[in-house]
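The numbers here are math on the coordinates, done by the rules we state, and not lab data. Keep in mind that what you see is a predicted model, and the values were worked out from it rather than measured. Methodologically, a virtual Cβ is constructed for each residue, glycine included, from the backbone with ideal geometry; neighbour enumeration extends over all protein chains shown.
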Amino acid sequence: MNYPVWYLPVIGGPLIIAFVAIVHVVVSHFAVGGGLWLVLTEKKGYREKKDYIIDYVKKHSKFFLLLTMVFGALTGVGIWFTIALIHPDATSHLIHTFVFGWAIEWVLFVIEIVAAFLYFYNFGKISEKLHLLIGWIYFVAAWGSLLVINAILTFMLTPGKWLTTGNFWDGIFNPGYLSSTVFRTFLCFALAGSYGLLTATRKFKGDQKKELVNYNGKWIFWSLAGLIPSAVWYYLTLPELAVAGIRGGSKIMVTSLWHLAISFGILVLFSVYFYLWKTEKFGFKSAIAMFLTIFIFFGAFEFIREAGRKPYIIKDYMYSTGIRVADFDQIKDRSILMNSKWTMVREITPGNEIKAGGEIFRIQCYACHSLGIKNNIIGKMAGWDLNKIRRIIGSLKGITPFMPGFAGNDNERDALAKWFYQEVHGSLPPADRPAETALDGPALFDSFCSDCHENSPEDPLFLKTLTVTSLEDMTDILGRLNELNEDMPPFEGNEAEKRALAEYIIKSRSEK
Amino acid sequence: MNNLINIIPNPDPLPVAAGWFQILSHLTYYLHLISVGIMFSIAVSMTVGYFRGRSDENWLAFGKEMAHLLPFTIAFAVNLGVAPLLFIQVLYGNFFYTASTLIGMNWILLIVFLITGYYGAYWISFRDAGKQTVKKYLALFVTLVLAWTGFILVNVNTLMLRPSLWNRYFSHMGGFHLNTADPTMIPRYTFFLFFLLAIGGLFIAAYSRIKHGEEKSKPWVAYGTSLSGYACFLTLPSFIFYMRILPHNIRNVFLAGDPVWTIVSIFCFFGIIITGYLALRKRLMPASVVMGINLIIFVIMRGKVRSLFLDPFSEKFSAIAANTQYPIMVLFLVTLLAGLALVAWMLRKTYMERSG
């Protein structure tokens, strides 16, 4: 609204963010856990006087350098570029609030790259003590980066006291910070162990392989053990809405939770079987399976975290659309187009409704929805008539708490509905008038109520109207829906339809 | 002008006074410019080394030496670019994000190109014995990627200064624009390319002298100083052209309109000439000192050009927030000093152990 939108409707912004973010977080967490793995494994090699372990660490550190210095560093810049393109309002806000946090993270990044170069290029060329010390410095700097960035990430989901104080430290030490940091730290170690397994099973055979599978297995096993309490702790700090989403309110969160649980179960089984029982049977294929399973686990966790923030980009402060919560009502009362800087249409006239609708989609919907690959909004509307589209737009918050309400006036809602209808069907309905609905109860219920309600005795529609028995009272209630609940749209059918629907609800309830 | 003001996004408040961010962005940009100059010159020299190395072993060895250095220099150039990019987003984020959205596709693809180029640099660096033909063209590719990176950065940095060109957004919203309609963009870019070679040429000469000693390094000191010297003189047409096509009110500030800035621009112009002259005379140390001072002048002048472009839109500059963060800034400065001390300690300790 404040910024132009980088508009790629077929791909959609969230897909680009998801792609860049997931590859970056996996590599960046590996950069932290791998740092500790390198020094502890090197130390083990020296302590046990095993050259093959030192050689193993040396080779590992080359890959580590190539992965973290190049891919990790540049995708880090890439995710920064990406969020600024997709969510410039939120990025600007985060940059202005936490600039010195980011600046400190930059200093840690300087230390990281110097230490990583010195560590890799000086294997066997400096004393063991100094080499290990440089490895430790690398790890502490990398973990320090995680501490800073994770503060900003968790702030977006649980800003806590910052919402009232605006204080930097309240933002950093937000309610989700510590638990998430512990959780992510264990994830870092699990990733390090899983990569260690990949190289150990590829490089070694016999007893050496068994020894190193066992060693790396420990990393994963104890990381999984640490992940359980920290995940519970993290869960306890989640906002109410995110918890509701996990418990069934959000399809994507529930699906991701299943992925998370299944992948975790597989990891536990793998670990128990191979680490505690049949170490010698663990091969390269198992290592790949383990690595991919951790990847899925991590991806599922990130999806839950991202989805749990909806409908906000910064919880209770800014919606995903870039509109600040404090400005929402004012914008809604006036006009989204009038309040937007980057639109070709400011005022809706009979000739520009469709064009205006397209502009509103770009400003209001595109932050989460695409017209193509991910979260395709058009596909969802396939069987909807114009009235239904209009109604859904007007009652988004009522339908799902994971979407912000529509921040436009009635004309803008109609323009958006018409634009959607045309996108779905290729043209507007004849004469652009509300479609007639047959006066039959189930069809009326389907048309006017089924967006949010089910024909079931547990549904609030039936529970809340238990005491209403007369047809007149029920008809009256249907006529005042938006007064009774501000998240509900007004009934948009005609008098005959209203009466027929009231009759159906009473009859249907008595049958149940 | 009112229309332009209306499309500029509203800024977010600053946690400390703008002057602090100006200092930090100038300081870190100075370091970034030096590191990019070194990186780009090494990439160009590596390519020259591999191309000339077909018929001359010495050039091939030189190309390999440059190839070994390149990954470090890319790492530091990227790292030292993060800080000025951060501070500029704090000061002028509303201008910067808008410009980057207009060139969004090119902006994001930059990361893909850079990853490819960076891995290319490592591939060359780690494979001493590989096929020279492949390396030769890969070196050229890496150099072109780095040059393209500079081109995109100049695009976004010039476009953010020109809200009058932003309405092109509506002709295509997918971010395929470049700032080619801005006449200042190309001379600014060519100036940078030569200026970077002028900086890095001196580094190559100094590095060769330190690494190989006075006698053995002679050809490479001559190469580095010549690269720097000629590049200095090649920047001058771009500098003059750039000054000529700056909007009248801005040009006027540097050409007699404001005595202080006129002196600064004269210093910058003659500083380049003196650096070029000293470099061509192979007077490495004086040339480096003059270049170092000249870079300070250049960075300050560049900042001034930016503020002159943006001054008409000053009502869209960030104001200071009610919740200031001065103690956090001090914490950052302490961390920075401690971090630099730690880096210096690691380098010194490693060097001492390696040299026995």
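Laid out as a table, the results:
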{"read-out": "HN-Hα J in Hz across the range A:309-316 - Karplus 6.51, -1.76, 1.60, θ = phi - 60°, x for Gly and Pro", "value": "7, 4, x, 9, 9, 10, 3, 6"}
{"read-out": "Reachable aspartates and glutamates, given that their alpha-carbon falls under 13 Å from the alpha-carbon of A:LYS44 and they are not under 8 places away in the same chain", "value": "A:ASP55, A:GLU128, A:GLU211"}
{"read-out": "Entries of A:LYS62/A:LYS285; A:LYS129/B:LYS136; A:LYS50/B:LYS135; A:LYS50/B:LYS136 with Cα pairs more than 29 Å apart", "value": "A:LYS129/B:LYS136; A:LYS50/B:LYS135; A:LYS50/B:LYS136"}
{"read-out": "Kyte-Doolittle mean at least -1.0, axial Cα span of 15 Å or more - DSSP H helices of chain A", "value": "A:13-47, A:51-65, A:73-86, A:88-121, A:128-157, A:177-203, A:206-237, A:251-270, A:284-308, A:495-511"}
{"read-out": "Rounded if a/c under 1.5, otherwise prolate or oblate - chain B, Cα gyration tensor axes", "value": "prolate"}
{"read-out": "Of A:LYS49/B:LYS349; A:LYS310/B:LYS316; A:LYS251/A:LYS380, those spanning more than 20 Å from alpha-carbon to alpha-carbon", "value": "A:LYS49/B:LYS349; A:LYS310/B:LYS316"}
{"read-out": "Whether the protein assembly as shown is rounded, prolate or oblate, judged on the alpha carbon gyration tensor where a/c under 1.5 counts as rounded", "value": "oblate"}
{"read-out": "Prolate/oblate/rounded label for the range B:268-356 (Cα gyration tensor, a/c 1.5)", "value": "oblate"}
{"read-out": "Approximate spin-label separation B:GLN132-A:THR165, in nm, with each point projected 7 Å along Cα-to-Cβ", "value": "6.6 nm"}
{"read-out": "Sequence-separation-based contact order of chain A, relative, with Cα cut under 8 Å and 6+ spacing, percent", "value": "15 percent"}
{"read-out": "Separation in nanometres of the label points that stand 7 Å from Cα toward Cβ, at A:ALA261 and A:HIS453", "value": "3.2 nm"}
{"read-out": "Ascending count of other beta-carbon atoms within 10 Å, so fewest first, for A:LEU157, A:LEU38", "value": "A:LEU157, A:LEU38"}
{"read-out": "DSSP-assigned coil residues among chymotrypsin sites (Phe, Trp or Tyr not before Pro) in the range B:281-325, each with at most 13 further Cβ atoms within 10 Å", "value": "none"}
